[in-house]
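Single-structure report; data block below.
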Amino acid sequence: MPELSLSETQLKDLMKTVILEVIQERPELVQELLTEAIEDIAMIKAIDEGKESEQVSRETISLLEQDE
């Protein structure tokens with residue numbers, strides 16, 4: 001198989017073309033990826049906030065779950 005060689009500029013242009021095609025042809029895929037990224041950011045933020053809050057006993061959590 002022949003070796004393929006691309007310059008950095010050619011590779012960047014190719015990547016831009018591929019990304020644009022995906023956005024145009026598969027918008028649901030892009031939406032799904034963005035949704036997952038936002039959810040991941042929200043989870044990281046919640047974890048960081050939880051590290052700074054006071055701890056709650058398992059008993060308290062069980063009581064809260066029973067109220068639902």
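The values are calculated or read from the model by the stated rules, or taken from the named source; none is laboratory data. These numbers were taken from a predicted model, which means no experiment stands behind them. So basically every Cβ, Gly included, is an ideal-geometry build from the backbone, and we count neighbours across all protein chains shown. To get the accessible areas, we keep the full protein, side chains included, count just its heavy atoms, and leave off ligands, DNA and RNA. Shrake-Rupley method; radii C 1.70, N 1.55, O 1.52, S 1.80 Å.
Quick rundown of the values:
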quantity: Some residue of the stretch 6-22 being modelled with pLDDT of 95 or more, open to solvent by 80 Å² or more (accessible area, probe 1.4 Å), assigned to a loop (DSSP other than H, G, I, E, B) and of a type in the set (D, E, K, R); calculated: no
quantity: Qualifying positions in the stretch 23-55 - loosely packed, with under 10 Cβ neighbours inside 10 Å and not in a helix (DSSP H, G or I); calculated: S53, E54, Q55
